[in-house]
Amino acid sequence: MYLTRLIYVSTLSAECDQQALDEILQISRVNNQKNHLTGLLSHNNRYFLQCIEGARAKVNEAYNRILSDPRHSRVVILQYQEITEREFGDWSMGEIPQCYLTALLNLQFSGSSEFLPYDLTGESAYRMLRQLKQKLPSE
Ligand code: FAD
């Protein structure tokens, strides 16, 4: 089955507090390990930016579950493509701490010093996540 990478952005719902985030990461890691999915989830208190990679059918199944999750809304795909190898294979779902989303990083990949992931191109989002992973310990 073809390896695929999906990157999307979404907006946290009002109910999505720290406990909800912890629950999302917990269920994601369990499901993703089972389905051989890998990736990263970055967020601040307004937006999510997530990358999921793995077998195309499994990526699509996970995305369809994620789409209907009431803990976020306004889900927009930034990138969906076949890949030859995984970039985030060390994480079933690595969490990028908000403090990593610095003004310098945002300026490097977008026109703003704020984290505004809806304004990123798919390629910028991918490169930003690639840069962020360098600071992240493996799971
Ligand atoms: P069930 O646990 O059977 O739940 C049924 C429905 O209720 C689903 O629509 C579910 O989204 C919703 N739901 C479940 N718990 C809560 C809750 N505490 N509050 C409100 N609604 C709830 N899942 C993955 O497997 N892999 C991922 O990488 C992944 N990433 C995610 C990223 C984000 C930003 C979000 C918001 C969710 C993510 N999830 C991920 C979780 C995913 O949306 C599903 O909740 C999860 O996969 C379980 O799906 P299920 O059909 O078994 O739902």
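Among the residues of the range 49-62, are any among the charged types (D, E, K, R) and either within 18 Å of residue 118 (Cα to Cα) or near the ligand (Cβ under 8 Å from one of its atoms) (or both)?
Within the range 49-62 (the criterion being among the charged types (D, E, K, R) and either within 18 Å of residue 118 (Cα to Cα) or near the ligand (Cβ under 8 Å from one of its atoms) (or both)), the answer is no, since none of the residues qualifies.
I'm checking my understanding of the structure. Among residues of the range 31-41 that are more than 8 Å from the ligand (Cβ to nearest atom) and free of Cβ contacts under 8 Å to residues at least 40 places away in the same chain, which one is nearest to residue 54 (Cα to Cα)?
That would be 36.
Mind listing whichever residues of the range 89-118 are farther than 24 Å from residue 54 by Cβ, away from the ligand (no atom under 16 Å from the Cβ) and of a type in the set (Ser, Thr, Tyr)?
The answer is 102, 110, 112, 113.
Which of the residues that make up the range 112-139 are assigned to a helix (DSSP H, G or I) and more than 18 Å from residue 6 (Cβ to Cβ)?
119, 131, listed by residue number.
I need the strands (runs of 3 or more DSSP E) fully contained in the range 43-111, keeping only those with at least 1 residues that are open to solvent by 70 Å² or more (accessible area, probe 1.4 Å).
Ranges flagged: 72-82.
From 28, 10, grab the single residue that is within 8 Å of the ligand (Cβ to nearest atom), open to solvent by 10 Å² or more (accessible area, probe 1.4 Å) and either in a strand (DSSP E or B) or in contact (Cβ under 8 Å) with a residue 60 or more places away in the chain (or both).
28
Does the range 112-139 hold any residues that are open to solvent by 80 Å² or more (accessible area, probe 1.4 Å), farther than 20 Å from residue 74 by Cβ and among the charged types (D, E, K, R), and which are they?
123, 127, 130, 135, 139 - these are the residues of the range 112-139 that are open to solvent by 80 Å² or more (accessible area, probe 1.4 Å), farther than 20 Å from residue 74 by Cβ and among the charged types (D, E, K, R).
The values are calculated or read from the model by the stated rules, or taken from the named source; none is laboratory data. Everything numeric here is computed off the predicted structure, so don't read it as measured data. FYI the Cβ positions are ideal-geometry reconstructions off the backbone, even for glycines, and counts take in every protein chain you see. Side chains included, ligands, DNA and RNA excluded: accessible areas come from the protein's heavy atoms. Shrake-Rupley method; radii C 1.70, N 1.55, O 1.52, S 1.80 Å.
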